[in-house]
1. Pop out the carbon and sulfur fraction of the accessible area of the range 249-317 as a percent, whole number, probe 1.4 Å.
2. Quote the accessible area belonging to Lys240 in square angstrom, nearest 10, computed with a 1.4 Å probe and with ligands, DNA and RNA left uncounted.
3. Calculate for the chain the 222 nm mean residue ellipticity that helices alone would give, adding -39,500 (n - 2.57) per DSSP H run of length 4 or more and normalising by residue count, nearest 500 deg cm²/dmol.
4. What Kirkwood Rh does the range 256-300 have if only Cα atoms enter the pairwise 1/r average? Answer in Å.
5. Taking Cα atoms, how many degrees apart are the long axis of helix 199-230 and the longest axis of the chain, rounded to 10 and kept between 0 and 90?
6. Over the range 188-229, with every protein chain in place, what whole percent of the accessible area is carbon and sulfur at 1.4 Å, could you tell me?
7. Over the chain, what relative contact order in percent results from Cα pairs under 8 Å that are six or more residues apart?
8. Would you mind calculating the relative contact order of the range 707-763 from Cα pairs under 8 angstrom and at least 6 residues apart, reporting the percent as a whole number?
Amino acid sequence: MVGPRGAVLGQQDGSYEVWLFPWKLLANMHIEANMEGYAVPINVNDHAASITVRPDSTIITFSHANFTVRQIILAPRQLLEGAGALVFYQIEATRPMTLTFSFTPVLQPMWPASNDGHPSPEWIKTSGGSGFYILHLNFPDHAAGIAMPIAEPGILEPYQERGADYPLQFILHFDPQRDANTTFPLLMSVGSNAANSTKEALGSQLSALDSSFVSLYDENRKYYQSFHGSHMSIDTPDEKLNQAFSWAEVSIDQLRVQTTPNHDEEALTAGFVGSGDTNRPGYGWFFGRDSLWTLYAVNSYGDFATTRNEIEFLLRRQSPEGKIMHEWSQTANLVDYQRLPYEYAEADSTLLLQMAVNDYLKISGDTAFVAAKWDALARAWTFECTHDSDGDGIYDNSQGTGWVESWIPKMPHQEIYLASLDEQASVAFANLARATGHLDLAKAAEDRAAHIREQIEKEYYLPQSGLYAFSWNAQEGTDNTPTIFPSVAWWDGTYGLEHNQTVMQHLASSDISTDWGARILSDHVSFYDPISYHQGTVWPVFTGWVSVAEYRTGHSLSGWTHLEQNADLTWVQDLGDTTELLSGQFFQPLGRSTAHQLWSSAMVISPVVRGLFGLEWDVAKHELSVTPSLPAQWDKASLSSIPFGNQRVDLSLTRENGSLILKASGDVASTLRVSSRTAGAQLSRGELRILLPEVEVGVEQSLPEPGSKTARMKVLDQQAAPHSLTLRLAAPAGSSQTIFLRINDGKLRNAKSTLHATGVQIPDKSAALQKLQIKFPADAANNAAYVEKQITFNW
């Protein structure tokens, strides 16, 4: 659990570490039980039986024949001093027992700040026979207090004893007659200066937490009930997708963290996972590009305050030349951070700033915010335009890495990733300039975008393969490594590479697409390594880029597959969160993968909103465009609380007589202009009617068993014509695969209809929706190899 001032990061056996930002307070929490008349110690963590994850808390239940212990973990949203993280225990037992809570005291600041080594613990007795631990450091300006009311201290090594690493302990004597229905809290506080690091100050903070922990729990529950009611939700026939969408919103929201020491700012952190014996809890600090990619999801579900806070946070750290920061540690104030190489290490945040702010403007209509930040936006634009080291008119890697931080054989000069962002950032800045009355700058930005589009085709397009190069260098030409990075060109919906057909086929193929997401590069590349960070792993952020690109180019079947892969990852590692990266060879997250990763959760939301439903906003024109690509197996879907300026709108989509009927409702619906990019869409009597194709196909998607290799069917291409639908498919040789067939035209739903298929049989032409089995040819030499098959429906 992560909150604005702290986190509890643990394992499924209930062991955990606690952070009160930016301090790692304790680690390795374990519990032992000794029951009256039962002469054997019980390792309670060995009896972890169930995990219940809710937006407001996580409950781990330990079950033994003689007792049940529930460990309730939360990171309060309510901003009470010291209330960064809380753990409660509820206990039931058949007989009295003693529980020993053992943990390692740490009290060390997050990377890259230096630390004083191991803290010195002191037990402070309080009235009532209990007390609390103080963890002292070498100097009096920081200390921590840890309490479990009514518990006694355990091991306290005397000064005279030979030095050894002993855990600290709370000894809790539980009597089921006396203590039934009692909740036992673990209370923790850190003093950030000498005044609030005294035993009196820490004792006072712990006492306040003891008085308020029940209300903090209730407030957390109420917060997330309100959160769900005030942000976009989806209702589709796929209940897991509905849940994944909601969990992704929560996962992003939980990563809003306050800066220290004054808690006067709040911004998005990149993600968390247990730190082990280090002081790096995943990527638990502030990243420019991670948050800016994520703001597309945040804007989509309408949390405009989070977007504004993030933009302001980044602009306060903008370099004098206009560059936007890459990363800012939670302990940046404790070190000479400017001397370290991290703050401006990457080049892409400066481009993503314009794109994310423009996206916010289109959805919120908040021209006043853009105008107030204009000088900073203009400086970023100037930086973008003036950092082109080779004179081709495209921002390049001379000001930091683009995406990859390592590459074989050497680092690139100019990646298609950066070039594509440069074009989209130019279009975005043109819109921002136009909205704020800077018409000359708008024209210049539009001209620059047009020039970049031409240059990308000249520099990166590879006619021999039909693909686009990974990078370009004026002296050495192109690096032709096939990667997922061309997909970024379709992100904003304002741009797209000219030659997309072969690109999309390659992205959908098993060269790039595993059964759990998209690899960074083809597995046929000589330096492909399935566990290399930049040379072979699967990242949900890549899968999201690819899915959006596929939807925007009419490859909705593969787009749906990639969308569902990301959504299903919600249940793979930390329940409710989406992991950072997985092996490119086997379905398994990497051991060091950050389990709660910001932009991975964002890539559950953006492909749904921007791809599947095809939403595009223009609040200034009071227009909402909807270009849906519903799976053939769905009859209806709806979106609730879609943001539109300072109002909300609901949207329902229902199949009816060969059409998809879109209805808008809500306060803004009566004046809203709803349109669609779908050819033939007609607005009538307040409804948008989209004529569906006579025949549609859908695909099944589910994640494989852990450890599996890629073996699912890939839809390489789909081409619709007035009286035909052609699919180019690939699957392991000799396998049987399933597709859905929906016949929308009632005239075709009879045994004598003109509908017929090649490559597959239609068992029942009268059925509106049915499953078809496709047999792929065998390969005597290698049945694990993918083979292709073309399926055509004609009518």
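The values are calculated or read from the model by the stated rules, or taken from the named source; none is laboratory data. Just so it is clear, the structure is predicted and the values come from calculations on it, not from any experiment. Glycine also receives a Cβ, built like all others from the backbone with ideal geometry; neighbour counts cover every protein chain displayed. Side chains are part of the model used for accessible areas, which takes the heavy atoms of the whole protein and leaves out ligands, DNA and RNA. Shrake-Rupley method; radii C 1.70, N 1.55, O 1.52, S 1.80 Å.
1. The nonpolar share, carbon plus sulfur, comes to 41 percent.
2. Solvent-accessible area, nearest 10 Å²: 100 Å².
3. Helix contribution divided over all residues of the chain: -8000 deg cm²/dmol.
4. It is 11.6 Å.
5. 20 degrees
6. Carbon-and-sulfur percentage of accessible area, whole number: 52.
7. 9 percent
8. Normalised by residue count, the contact order of the range 707-763 is 22 percent.
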